[in-house]
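In what follows, a single structure is set out as structure tokens and then discussed.
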Amino acid sequence: MANTQAWYEGPLAAFDTETTGVDVEQDRIVSAALVVQRAPGHPAEVTRWLVDPGVPVPEPARAVHGLSDAFLQRHGRRPEPVVEELARGLAAVCAAGTPLVVMNAPFDLTLLDRELLRHRGVPLSTYFTGPAWCVVDPRVLDKHLDRYRKGRRTLTDLCEHYGVTLDGAHEAAADALAALDVVRALGRRFATRLERLSPAELHTLQTTWHAAQARGLQAWFTKSGTQEIVNPDWPLRPDLPAAA
């Protein structure tokens, strides 16, 4: 029987955003990137977007990504066309059957969904009329496959752990490409557990894995007296109900 190539050795895409903050319901996208790589070692096709969000960029966010109000006003585009292009770009990748790598997917995808609702009046799901998406979240995979490893699991941490070079952290294209490379490295390290899975099967499993991870973190917060609420939904948080 002919060998079947593992999904992590084939085409992958990756998506990343930089934002005005960490609240998916209120914060805005200021830059984004979509990276597509046809095979390991091949040059990546990179599309970048800069957005003038129409609101001030708080200093803590500016300190992370370096994008000032003046720079975005000069070089950024209005959010309305950009979020439409982002949604169509992700939908096209998924329609082609390419797994979509998104580090901490519920953040970036939910933020894009809320930006679409804010500026276009439609949710992200509107754009996915063909095959369902197959999201690969290196954070969820790493926490499940190496659950007892101590330490943080930011993208920088995962790059160091899996031997991936991250040039220009907190630049959307650099982060997206690094996340893609982490997934390839992670796939090879845990090949016996991942190579037989299809991207669709892996997507479904990550939904369960993330929910279990969220329950564990919520239990830890409760035990330590922290009031923070951990959302179990993956890869997209449902829209909040409208206020009565």
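The values are calculated or read from the model by the stated rules, or taken from the named source; none is laboratory data. All figures in this text were calculated on a predicted structure; none of them were measured in a lab. Neighbour counts are summed over all protein chains in view; Cβ atoms, including those assigned to glycine, are modelled from backbone coordinates with ideal geometry. Side chains included, ligands, DNA and RNA excluded: accessible areas come from the protein's heavy atoms. Shrake-Rupley method; radii C 1.70, N 1.55, O 1.52, S 1.80 Å.
Leaving out ligands, DNA and RNA, what percent of the accessible area of the chain is carbon and sulfur, probe 1.4 Å? Its accessible area is 54 percent carbon and sulfur atoms.
Shape class of region 1-100 from the Cα gyration tensor (axes a ≥ b ≥ c, square roots of the eigenvalues): prolate, since a/c reaches 1.5 or more and a/b is larger than b/c.
For region 124-195, the Kirkwood estimate of hydrodynamic radius, built from reciprocal distances between every pair of different alpha carbons, is 13.4 Å. On the principal axes of its alpha carbon atoms, the chain extends 56, 47, 36 Å, with the longest extent given first.
For residue 154, nonlocal amide neighbours, meaning residues 5 or more places apart or on other chains whose placed amide H falls under 5 Å from its own, do not occur. Amide H to amide H, with H built 1.01 Å from N, residue 18 comes under 5 Å of 30, 31, 32, counting only residues 5 or more places away or on other chains.
Exposed loop sites here are GluC sites (Glu not before Pro) in DSSP loop states with at most 14 other C-beta atoms within 10 Å. What is the longest stretch of the chain lacking them? Here the longest run is 26-227. The amide H of residue 136, built 1.01 Å from its N in the peptide plane, has 100, 101, 102 as neighbours under 5 Å, considering only residues 5 or more places off or on other chains. Between the listed residues 198, 159, 170, the Cα displaced farthest toward the positive end of the dipole of the chain, a dipole computed from Cβ unit charges relative to the Cα centre, is found at 198. Applied to region 191-196, the Karplus parametrisation 6.51 cos²θ - 1.76 cosθ + 1.60 on θ = phi - 60° returns per-residue 3J(HN,Hα) values of 4, 5, 9, 10, 5, 8 Hz, with x for Gly and Pro. Among 68-78, 133-143, 50-60, sorting by the average number of other beta carbon atoms lying within 10 angstrom of each residue, highest first, gives 133-143, 50-60, 68-78.
Between region 87-122 and region 12-61, the alpha-carbon centres lie 11 Å apart. Applying both filters, DSSP loop and at most 13 other Cβ atoms within 10 Å, to the chymotrypsin sites (Phe, Trp or Tyr not before Pro) of region 171-244 eliminates every site.
Can you put 148, 162 in order of accessible area, largest first, using a 1.4 Å probe?
Of 148, 162, the descending order of accessible area is 148, 162.
A 1.4 Å probe run over the protein chains yields, for the chain, 51 Å² of accessible area per residue, whole-number rounding.
What is region 28-157 by shape, rounded, prolate or oblate, if you read a ≥ b ≥ c off the alpha carbon gyration tensor as root eigenvalues and call it rounded for a/c under 1.5, prolate for a/b larger than b/c, and oblate otherwise? Note, shape of region 28-157 comes out oblate.
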